[in-house]
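Notes to accompany the following structure.
What follows draws every value from the coordinates through simple rules; no lab data is involved. Here the structure is a predicted model, which means the values were calculated and not measured. Heads up, the Cβs are rebuilt from the backbone with ideal geometry, glycines too, and the neighbour counts pull from every protein chain shown.
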Amino acid sequence: MGHPAAETSSFMTDFLLKSGGVAIIDGGLATELERYGADLNDPLWSAKCLLTSPHRIRAVHLDYLEAGADIIITASYQATIQGFEAKGFSSDESESLLRKSVEIACEARDIYHDRCREGSPDSNDDGRVLKQRPILVAASIGSYGAYLADGSEYSGNYGHAITLENLKDFHRRRVQILAESGADLIAFETIPNKVEAQAYVELLEGEDIKIPAWLSFNSKDGVNVVSGDSLFDCASIAESCKNVVAVGINCTPPRFIHGLILSIKKVTTKPILIYPNSGESYDGKRKEWVQNTGISDKDFVSYVNKWCEIGAALVGGCCRTTPNTIRAIYRTLSSRSPALSSK
């Protein structure tokens, strides 16, 4: 048996205590991979780098750790067995690519801890945070819509043909593999509708999954999740599952987050996690970000203290946020809480 229920329920609260009350999640992956020279024009998106350039993924994880992130999310968001098989990989090869996403993140954590031992934080003028601390590796699972790569994770509209059982069948093997891969938890991200949340919870409960998970929804109106399903209903599904150790919102414009935290608080006793995008809008048809629709790191961070005051316990960034965003969050939170600053 995996975590006994009590152990799972204290998993995140214990980690948050060690992190000084608020933990920092990393930021966007794809933009940074492109900055390192990766070409992501592919239905596999950032998962393509698991094949072609794992060193780039590791470098991005390290950048985020050195910016102050306490949790790094693996490059498996778009990595599905079905997606790899469509590219001609065998199921064994597909499964090993999923495991590889976790291995790369664990390697980055080991390298980071080595750097912390070697470098003294005091002589550190380059802005890198080299501070021994507990770091979690979260294995990312994107929605069925992410696999379709047609923007439907931003609409949650899967049509009537897709049922709860279809979704469970679609995700089952990936959840099992990532649960046994050495990750600390599973991050179900950008969940667009209620039925997919239900599928995840039933898999966690029915497949004897041994590690905890978080559920994170996305919203485009600040009221409901993107499909129009009620956030109250979605957060209630997360709340009902013992294996779920945090519930929240990602890939949503910062201006909506305040109201969404207040909504989730009405339903859940679990820690609330928030990692919005930069506020830019994504054109799913053209597969590109609409320029100049986002906010600056300075504005992004100005929200963070407020979010923490009203109940966010894990804070980071999603699409189009960078290590600079995460470093700014780290500085903001360090100045706010004596427990967080290394002095």
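Taking only the C-alpha atoms of region 90-176, Rg followed by Dmax gives 19.3, 59 Å. Normalised by the number of residues in the chain, the mean separation of alpha-carbon contacts (under 8 Å, six or more apart) gives a relative contact order of 21 percent. A Cβ-based charge dipole, computed about the Cα centre of the chain with Lys and Arg at +1 and Asp and Glu at -1, lands at about 820 debye. Helical content of the chain, expressed as a calculated mean residue ellipticity at 222 nm, amounts to -13500 deg cm²/dmol (DSSP H runs of 4 or more residues, -39,500 (n - 2.57) each, divided by residue number, nearest 500). Label separation (residue 132 vs residue 281): 5.0 nm, computed from points 7 Å beyond Cα along the C-beta direction.
Dimensions of the chain along the principal axes, based on C-alpha atoms and rounded to the nearest Å, stand at 58, 48, 44, largest first. Scanning the chain for long hydrophobic helices, with DSSP H runs required to stretch 27 angstrom or more by C-alpha along their axis and to average at least 0.5 on the Kyte-Doolittle scale, returns nothing. Taking the chain as a Gaussian network of alpha-carbon nodes connected by springs under 10 Å, the highest mean-square fluctuation of the residues 140, 296, 219 belongs to 296.
Each of 263, 279, 328 was scored by the projection of its Cα onto the charge dipole of the chain, and the greatest displacement toward the positive side belongs to 328; charges sit on the C-beta of Lys, Arg, Asp and Glu. When the chain is treated as a Gaussian network with alpha carbon springs shorter than 10 Å, the biggest mean-square fluctuation among 288, 107, 165 belongs to 288. Of the beta bridges in the chain, as assigned by DSSP with both residues counted there, near 10 percent are antiparallel. Label reach from residue 207 (point 7 Å along Cα→C-beta): in region 159-199, amide nitrogens under 13 Å belong to 166-181, 186-188, 199. Each Cα pair under 8 Å and six or more residues apart adds its sequence gap; the mean of these over the residue count of region 188-263 is a relative contact order of 37 percent. With the convex hull of its Cα atoms as the shape, region 67-129 has an orientation-averaged projected area of 5.3 nm². Taking label points 7 Å from Cα along the Cα-to-Cβ direction, residue 93 and residue 258 give a separation of 5.1 nm. Peptides 196-206, 171-181, ordered by how many other C-beta atoms sit within 10 Å of their residues on average, highest first, read 196-206, 171-181.
Can you divide the C-alpha Rg of region 120-267 by 2.2 N^0.38 Å and report the result to two decimal places?
The value comes to 1.14.
How much of the calculated P(r) for region 12-101 lies past 22 Å, in percent of all Cα pairs?
I get 35 percent for the Cα pairs in region 12-101 exceeding 22 Å.
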